[in-house]
Amino acid sequence: NGTSPSSNGYAGLQILEGKVVLKGAGKDDTVVNQTQPTCIGNSWRDQSAGAELEIEDVTFNQGGPMRQFHVGAGVYSGAPNSPKLMVRNANVYGNTLSVGNGTTRMYPEVYISNSLVKMEYAVNFGSASDNVYPKVVIDEGGELHLSRANSVSYGLSLNRNVDVVVKNGGCLSSALGGAEANNYAGLVLEENSFGTLLVENGGKLKIDKIT
């Protein structure tokens with residue numbers, strides 16, 4: 001119900017192991033409102049299976065005071081370390097998408113097809129650690145878009161090890177929009193970023209600034 005249990009410190013939608021599927025009747029017909037952060041994979045020592053969230057045929061609003069979406073917010077050393085987010089035929093709206101945030105070895109994955117995933121502040125791939133290997137695939141009909149909603153926005157940040165593929169008409173985009181954002185950076189290569197940003201087979205990269 002969006003409240004934060006006080007006994008164990010968890011809050012929002014936390015998927016620690018196993019797969020959760022949010023499937024509706026269509027993105028124009030089914031709306032899911034998540035008013036607290038969403039976290040797929042976390043640092044939990046008793047984890048015995050990977051964590052995965054599938055969003056299909058719905059509009060998913062990551063709203064409320066904390067609108068962050070995390071795929072791999074730290075993984076306990078030795079635990080399953082490949083958290084996944086799959087988005088198909090859906091709309092996902094939020095503030096920040098973070099793919100791989102931690103220092104322990106992990107391989108977070110995001111797959112988007114026939115969907116719009118739109119963030120208003122930042123999209124972060126990877127972290128400052130060489131142990132994090134994010135993989136992002138934007139496939140046919142999919143778009144991952146950053147567009148600031150107010151005067152504060154950052155950008156698309158690629159950190160250290162990255163593997164990003166935009167293909168078959170998919171699109172990775174960032175746009176400043178109307179008024180100037182205080183710290184907007186567009187596409188940002190950070191933390192000695194390396195790896196692959198591959199645009200192929202009609203894929204699109206629409207960026208109005210590279211930092």
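For the reader, a short list of remarks on this structure follows.
- Candidates are the residues of region 118-134 that are closer than 16 Å to residue 62 by Cα and open to solvent by 20 Å² or more (accessible area, probe 1.4 Å); the one that is modelled with the highest pLDDT is 118.
- All of 152, 165, 137 fail the test of being of a type in the set (Val, Ile, Thr), in contact with a Phe, Trp or Tyr (Cβ under 9 Å, 6 or more places away or on another chain) and modelled with pLDDT of 95 or more, apart from 137.
- Verdict on residue 204 being more than 19 Å from the chain's Cα centre (by Cα) and modelled with pLDDT of 75 or more: no
The values are calculated or read from the model by the stated rules, or taken from the named source; none is laboratory data. Source: prediction; values computed, not measured. Note: ideal-geometry Cβ built from the backbone for every residue, glycine included; neighbour counts use all protein chains shown. When the accessible area is computed, the model is the full protein with side chains, heavy atoms only, and any ligands, DNA or RNA have been set aside. Shrake-Rupley method; radii C 1.70, N 1.55, O 1.52, S 1.80 Å.
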